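The values are calculated or read from the model by the stated rules, or taken from the named source; none is laboratory data. None of the values given here were measured: they were computed from a predicted structure. Don't worry about glycine lacking a Cβ; one is built from the backbone with ideal geometry, like all the others, and counts go over all protein chains shown. Only protein heavy atoms, including side chains, enter the accessible area calculation; ligands, DNA and RNA are left aside. Shrake-Rupley method; radii C 1.70, N 1.55, O 1.52, S 1.80 Å.
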Amino acid sequence: MTIPLVGIGVDVHAFEEDGNDRALWLAGLEWPGERALSGHSDGDAVAHAACDALFSASGVGDLGTHFGTSRPEFKGASGVTLLKEAARIVRDAGFEIGNVAVQFVGNRPKFGPRREEANRVLSEAAGAKVTVTATTSDGLGYEGAQQGITAYATALVYPVGAEDKSR
């Protein structure tokens, strides 16, 4: 019997200081007029949490293992690029992706109007269904103070091929 495996991922990024001319990238989308998130790559906390959940479920390391600051080729890389690569790594390890669900916590950007667009972009990158939801922290913590964003993700993968890697 093939048993699916579940993984979780969490990613946190602070907003850049005012005056930085970088664009905000979140959930695979550019958000004009919003402050960018800091990071080695584009700071897309949603895409990064999705990657980490996939890595967690398949047991192949984490975001730092594959895309960390010691890897200069990923400096400035888009979250979509990282998610495509994460999905490839997971599949090469003998798993198929069931789905990824991500929720981010932050007051900005206003996510609802672009939810379906984000779901489509991230699903295409992963080659599997990715859904994103958003919430606020009711003014509490660094998210409420608009200092940064946190994203939480859960991924379901299952082993394919002759060997069941779930045991």
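Structural remarks
- Residue match in segment 123-138 (condition: of a type in the set (A, V, I, L, M) and in contact with a Lys or Arg (Cβ under 7 Å, 6 or more places away or on another chain)): yes
- The number of residues in segment 26-36 being on the phi < 0 side of the Ramachandran plot and either in a loop (DSSP other than H, G, I, E, B) or touching a His at 6+ places or on another chain (Cβ under 6 Å) (or both) comes to 4.
- Considering only residues in segment 12-25 that are touching a strand residue (DSSP E or B) at 6+ places or on another chain (Cβ under 7 Å) and not in a loop (DSSP other than H, G, I, E, B), the one that is most open to solvent (accessible area, probe 1.4 Å) turns out to be 12.
- Residue list for segment 1-38, restricted to those being without any contact (Cβ under 8 Å) to a residue 60 or more places away in the chain, of a type outside the set (Lys, Arg) and over 28 Å from residue 96 (Cα atoms): 16, 17, 18, 19, 20, 21, 23, 30, 32, 33, 36, 38
- Residue in segment 30-37 that is over 12 Å from the mean Cα position of the chain (by Cα), within 21 Å of residue 120 (Cα to Cα), open to solvent by 70 Å² or more (accessible area, probe 1.4 Å) and not basic (Lys, Arg) present: yes
- When residue 99 is tested against (1) modelled with pLDDT of 95 or more; (2) farther than 29 Å from residue 2 by Cβ; (3) not hydrophobic (A, V, I, L, M, F, W, C), only condition (2) is not met.
- Hits in segment 1-11 (condition: of a type in the set (A, V, I, L, M), open to solvent by less than 90 Å² (accessible area, probe 1.4 Å) and modelled with pLDDT of 95 or more): 5, 10
- One residue stands out among those in segment 47-61 that are within 18 Å of residue 122 (Cβ to Cβ) and without any contact (Cβ under 8 Å) to a residue 60 or more places away in the chain: the one that is surrounded by the fewest Cβ atoms within 10 Å (Cβ to Cβ), which is 55.
- Just so you know, in segment 62-93 the residues that are acidic (Asp, Glu) and open to solvent by 80 Å² or more (accessible area, probe 1.4 Å) include one that is modelled with the highest pLDDT, and it is 92.
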